Amino acid sequence: MSWLPLSFGAPMVLWGLLALPVIWWLLRFTPPKPQTEIFPPLKILARVLKREETPQQSPWWLTLLRLLMAALIVAALAEPVFNPRERLPAEGAALALVIDNDWASAADWGQRVATAERLIADASSNDVP
């Protein structure tokens, strides 16, 4: 999958960006900032029993920073390649193909063969040895 000069080695990982709203929702429920107290045990226990606190929201900039970090992690896991080379090298350079044919490449073997055939056809049409 390519978009302008940027290509992704694992574009399906980008679906992880859909998890950002869930992460935002979870980050809204951060616990409140702790308060300093002089130690009166009975006063602390009485206050805990009286009311139940709901967590305060984290600052907007911290939530934005956390979401940006999550988005960057997802983008990094998608193996981005800036300006991928799909064309043959310039004149005077020879074409050498190295094809991995172990069991892990069986899933996309047809695509690998098609790419190799396309590169060989481009090389022969451009008189590249």
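From 95, 119, which residue is at pLDDT below 90, in a loop (DSSP other than H, G, I, E, B) and out of contact with any Leu (no Cβ under 6 Å at 6 or more places or on another chain)? If you could, list the steps in order and put the result at the bottom.
On the way: 119 fails: in a loop (DSSP other than H, G, I, E, B).
When all the criteria are applied, what remains is 95.
Residue count for the stretch 50-80, restricted to those that are at pLDDT 70 or above, touching a Phe, Trp or Tyr at 6+ places or on another chain (Cβ under 8 Å) and either loosely packed, with under 12 Cβ neighbours inside 10 Å or farther than 17 Å from residue 27 by Cα (or both): 3.
The values are calculated or read from the model by the stated rules, or taken from the named source; none is laboratory data. Note that this is a predicted model, so its numbers are computed, not measured. All Cβ positions, glycine included, derive from the backbone under ideal geometry; neighbour counts span all protein chains shown.
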